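Undergrad: After the structure tokens below, expect a handful of questions from me.
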Amino acid sequence: MRAKKVDFEVTYITKDTKQDWFLEISPHGKVPVLKVDDDVLFESNAIAEFLDEMVPPRLHPEDPIKRARNRAWTDFASSWSGALGKVSYAKTKEDHAKALEDLPATLQKIEDSLERRENDGPYFNGDQLCLVDAAYAPFLMRFNIVEGINPTGVLEGFPKLKAWSEALLSNQAVIDSVPEDFGEVFNENLHRRETLAAQILDEQAAAAE
Ligand SMILES: N[C@@H](CCC(=O)N[C@@H](CS)C(=O)NCC(=O)O)C(=O)O
């Protein structure tokens, strides 16, 4: 919506404080949902596609073959976020090591797709942000925060992905996609999930005292 300069209001929902009104409109009890007057839409990809049909500029390619390929990659974003999440939200060193061992297979798929994308970037379809970018950026943003806490350097082995990540994380619509206190809220989330990253944060804070 920010990339399209849509006027909207946002209500943040936390996992522990899902209110009845939210549970009534969200079939899976998950975010995001989009209210358009009296209609409610759910599922990120469905919402993004709806917005893309309703509000210019088109973020999906005009060419049907390219559009279908883009949709295939936005579909893969959930597997991708799962693989990254296993590393970021691992609770123990052992789980973290195992998730990190599995991660390159997923990263390589994206590296290959960027290699084959027939443009010089910096975004998935070239010089304009598109829906594939929008689908992956939130997870790259969160992964990047955890890399700052417990660095793995895993993206170093995937130069196209690393450059894509850097381009996305410096895009203003992506930067503005989270509230100003996001870093703080995200750290609380790492603690609530009892992650290894939270333990490291606590150790760093104790060492700094
Ligand atoms: N496939 C869904 C996934 C939605 C989803 O898993 N949302 C997470 C946040 S990223 C959520 O609401 N989690 C809270 C919960 O599961 O209780 C989509 O893309 O919209």
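A short reminder: the numbers here are calculations on the coordinates, not readings from a lab. Here the structure is a predicted model, which means the values were calculated and not measured. As a convention, Cβ positions derive from the backbone with ideal geometry for all residues, glycine included, and neighbour counts pool all protein chains shown.
Undergrad: For region 64-175, would you read off the P(r) tail past 24 Å as a percentage of all alpha carbon pairs? Write down the numbers at each step before the final one.
TA: On the way: 1295 of 6216 pairs.
Above the 24 Å cut-off, region 64-175 has 21 percent of its Cα pairs.
Undergrad: With label points built 7 Å along Cα→Cβ from the Cα atoms of Asp20 and Met1, find their separation and express it in nm.
TA: Calculated label separation equals 2.5 nm.
Undergrad: Could you point to the residue in His191, Ala68, Thr11 farthest towards the positive end of the chain's charge dipole, with +1 and -1 charges on the Cβ of Lys/Arg and Asp/Glu respectively?
TA: Ala68
Undergrad: GluC sites (Glu not before Pro), restricted to region 129-188: which are DSSP loop and have at most 14 other Cβ atoms within 10 Å?
TA: Working: sites: Glu147, Glu156, Glu166, Glu180, Glu184, Glu188; in loops: Glu180.
Filter output for region 129-188: Glu180.
Undergrad: Can I ask one more? Sort out for me the Cα centre separation of region 41-61 from region 127-189, rounded to whole Å.
TA: Rounded to whole Å, the Cα centres lie 21 Å apart.
Undergrad: While we're on this one: Is it possible to state the helix-based mean residue ellipticity at 222 nm for the chain, with each DSSP H run of 4+ residues giving -39500 (n - 2.57), the sum divided by total residues, to the nearest 500 deg cm²/dmol? What is it?
TA: Numbers: 9 runs with 123 residues, N = 209.
Helix contribution divided over all residues of the chain: -19000 deg cm²/dmol.
Undergrad: Starting from the Cα gyration tensor of region 15-54, multiply each eigenvalue by 5, take the square root, and state the resulting semi-axes largest first in whole Å. Walk me through the numbers on the way to the answer.
TA: On the way: eigenvalues 83, 24, 8 Å².
Whole-Å semi-axes of the equivalent ellipsoid: 20, 11, 7.
Undergrad: Give me the dipole magnitude in Debye, nearest 20, for the chain about the Cα centre, with unit charges on the beta carbon: positive for Lys and Arg, negative for Asp and Glu.
TA: Values: 24 positive and 38 negative charges, 109 e Å.
Using only the charged Cβ atoms, the result is roughly 520 debye.
Undergrad: Please compute the alpha carbon radius of gyration of the chain, then divide it by the globular-protein estimate 2.2 N^0.38 Å. Two decimals is fine.
TA: On the way: Rg = 18.0 Å, N = 209, 2.2 N^0.38 = 16.8 Å.
Scaled against compact globular proteins, the figure is 1.08.
Undergrad: Find the lysine pairs in region 52-132 meeting two conditions, Cα atoms under 22 Å apart and a separation of 8 or more places or different chains, and report how many there are. Each step should come with its number before you reach the end.
TA: Numbers: Lys66/Lys109; Lys86/Lys98; Lys86/Lys109; Lys98/Lys109.
So the count works out to 4.
Undergrad: While we're looking at this one, here's another question. Take the Cα coordinates of region 8-87, assign each an equal point scatterer, and use the Debye formula without solvent to give log10 I(q)/I(0) at q = 0.12, 0.21, 0.26 Å⁻¹.
TA: Normalising to I(0) and taking log10 leaves -0.47, -1.11, -1.25.
Undergrad: While we're on this one: To the nearest 20 Debye, how big is the dipole of region 107-209 about its Cα centre, given +1 on the beta carbon of each Lys and Arg and -1 on that of each Asp and Glu?
TA: On the way: 8 positive and 19 negative charges, 81 e Å.
Dipole size: approximately 400 debye.
Undergrad: Just add up the charged neighbours of Lys86: K/R +1, D/E -1, any other residue whose Cβ is under 10 Å from the Cβ of Lys86.
TA: Values: positive: Lys98; negative: Asp95, Asp102.
Once positives and negatives cancel, what remains is -1.
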